[in-house]
Structure formats: C-alpha cells, structure tokens
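Novice: Starting off with a structure, shown below.
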Amino acid sequence: MNNLNKLLQAASFAAQKHTNQKRKGSNQEPYINHPLEVANLIANVGKVNDIDVLTAAILHDTIEDTGVTKDELTGLFGETVSGYVAEVTDDKSLPKAERKRLQIEHAPHLSHGAKLVKLGDKISNITDVTNNPPADWDLKRRQEYVHWGVAVVAGLRGANAELESYFDKLVEEAKRRML
Ligand code: ZN
C-alpha cells in the first residue's frame, strides 16, 4: 500500500467509525472534522510528511471514542501507527480528573510521533473551545480547559517549532477572548 492509499484508507476508516458522533461544540460539527483537522495541522503547519504520523493523526480518537482495538489498527495500518494511537489514548477506566493529570505527566515521555499528534490535538480542541465552545461550558470551565492544554503542551516542547508557535498564538488569542 503506498502512502496516499494508506492515508485515504485511514480517512475512510475513521469517517465510518465516527459516523454517528458529533463534536461537543455548540455547532455540533461531525466528529470526523476534528481528526482531519489534526492531520492537516501536522502536515501543513508542522510541515511533517511522515506517513505513519499523519495516518495516526487521522485515527487518533478511534480507540478512545469508537471501540476500535489496537490490534485492529495494527492489522490494517501497521504497528507504528497503532503504537502512536495507543500512546495518545486515555485509559477510560480512570476518573476524568486522573486522566487529565496523567496527560500532563505522560506528555514528556511520548514518542516524537505521538507528541506531534498530541500537539495537533490540543490545537484543534482549544480552537474549538475558543470559537465554538460547548453550550453548557461557562467561562471558568473554558479557561480551565485552556490552562490544562497549556500544561500538557509544556511537556511536548521541542517536538515541532511551527506547531508550538501556532499553539502559543492560539492561546494568546483564546486568553484575550476569555477575559
Ligand atoms: Zn482528538
């Protein structure tokens, strides 16, 4: 399978798996917009052309949110891709606060590829919370979300200068708009 074929297979697979899901934002976007945005940010802001990283970006929420197994991803896309996805998958058996704390703790120890996926993920999520927050999130909850994202990204520094500076500008803008 060549690189373009692999990427398109991942896009189609993720679209099917996320088919009935919507983002939490008030405009209820189709979920697939998010993993596609993450992959696009890594490729076109981060200037990354590593096929396994971009494929993992498209698939990054399939284990956590759609019940796909790591073995299934390994069979379809190989061990490097499934490894990256597993690295950025939260353990849903843990309470939410603990999962959030562990993301901060684990960030510096992720592989380089998983750090890129995590950076793209945090950019996409904070963009959404800034521009189109969930209807029931008050200002304090949005601010706390941004602060948590900043803490996670602190552990990813050094992975990709372009994505990090994009993130920093986004956070400045988010803070301006959440005064
Ligand atoms: Zn995500």
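Novice: Please name which of 31, 114, 67 has its Cα lying farthest along the dipole of the chain towards the positive end, using unit charges on Cβ (Lys, Arg +1; Asp, Glu -1) and the Cα centre as origin.
Specialist: Selected residue: 31.
Novice: Where Lys and Arg each count +1 and Asp and Glu each count -1, what net charge lies around residue 91 among other residues with Cβ under 15 Å from its Cβ?
Specialist: On the way: positive: 70, 92, 96, 99, 100, 101; negative: 61, 64, 65, 87, 90, 98, 105.
Value of the local net charge: -1.
Novice: Filter the trypsin sites (Lys or Arg not before Pro) in the stretch 1-79 down to the DSSP loop ones having no more than 12 other Cβ atoms within 10 Å, then list what survives.
Specialist: Details: sites: 6, 17, 22, 23, 24, 47, 70; in loops: 23, 24, 47.
Hits after loop and neighbour filter: 47.
Novice: Moving on to the next point. Expressed in nm to one decimal, what extension gain is obtained for the pair residue 168 and residue 3 from 0.36 nm per residue of sequence separation less their Cα-Cα distance? Intermediate values should be presented prior to the final figure.
Specialist: Values: separation 165, 0.36 × 165 = 59.40 nm, distance 3.10 nm.
Net length gain for the segment: 56.3 nm.
Novice: Too long at a 24 Å Cα-Cα cut-off: which of 100/122; 24/122; 70/169; 70/140; 47/175; 92/169? Write down the numbers at each step before the final one.
Specialist: Details: 100/122 12 Å; 24/122 15 Å; 70/169 34 Å; 70/140 36 Å; 47/175 26 Å; 92/169 31 Å.
Long pairs (Cα-Cα over 24 Å): 70/169; 70/140; 47/175; 92/169.
Novice: Also, quick follow-up: Report, to the nearest whole %, how much of the accessible area of the chain belongs to carbon and sulfur atoms, 1.4 Å probe, protein only. Working shown, then result.
Specialist: Numbers: 4570 of 9010 Å².
Summing carbon and sulfur atoms, their accessible area is 51 percent of the total for the chain.
Novice: So, one more: Taking just the alpha-carbon atoms of the stretch 123-175, what radius of gyration and Dmax come out, in angstrom?
Specialist: Considering the stretch 123-175 through its Cα atoms, Rg and Dmax are 11.2, 35 Å.
Novice: When Lys and Arg each count +1 and Asp and Glu each count -1, what net charge do the other residues less than 12 Å away from residue 164, Cβ to Cβ, add up to? Working shown, then result.
Specialist: Details: positive: 115, 118, 122, 157, 169; negative: 162, 168.
Net charge in that neighbourhood comes out at +3.
Novice: In terms of solvent-accessible area of protein heavy atoms at a 1.4 angstrom probe, what is the ranking of 144, 164, highest value first?
Specialist: On the way: 144 95, 164 20 Å².
So, going from the largest accessible area down, we get 144, 164.
Novice: Where a Cα-Cα gap under 17 Å defines reach, which aspartates and glutamates qualify for residue 17, not counting those fewer than 8 residues away within the same chain?
Specialist: 29, 37, 61, 64, 65, 71, 72
Novice: Please give the per residue accessible area of the stretch 64-177, computed with a probe of 1.4 Å over protein heavy atoms only, in Å².
Specialist: 50 Å²
Novice: What residues qualify as long-range amide H neighbours of residue 22, i.e. H under 5 Å apart, gap of 5 or more or another chain, H built at 1.01 Å from N?
Specialist: Counting only residues 5 or more places away or on other chains, the set is 31.
Novice: When the chain is fully extended, how far beyond the present Cα-Cα distance does residue 137 get from residue 179, taking 0.36 nm per residue of separation?
Specialist: So the chain would gain 13.6 nm between residue 137 and residue 179.
The values are calculated or read from the model by the stated rules, or taken from the named source; none is laboratory data. Being a predicted model, the structure only gives us computed values, none of them experimental. Positions of Cβ are backbone-derived with ideal geometry, glycine not excepted, and every protein chain shown enters the neighbour counts. Protein only, heavy atoms only, side chains kept; ligands, DNA and RNA dropped before computing areas. Shrake-Rupley method; radii C 1.70, N 1.55, O 1.52, S 1.80 Å.
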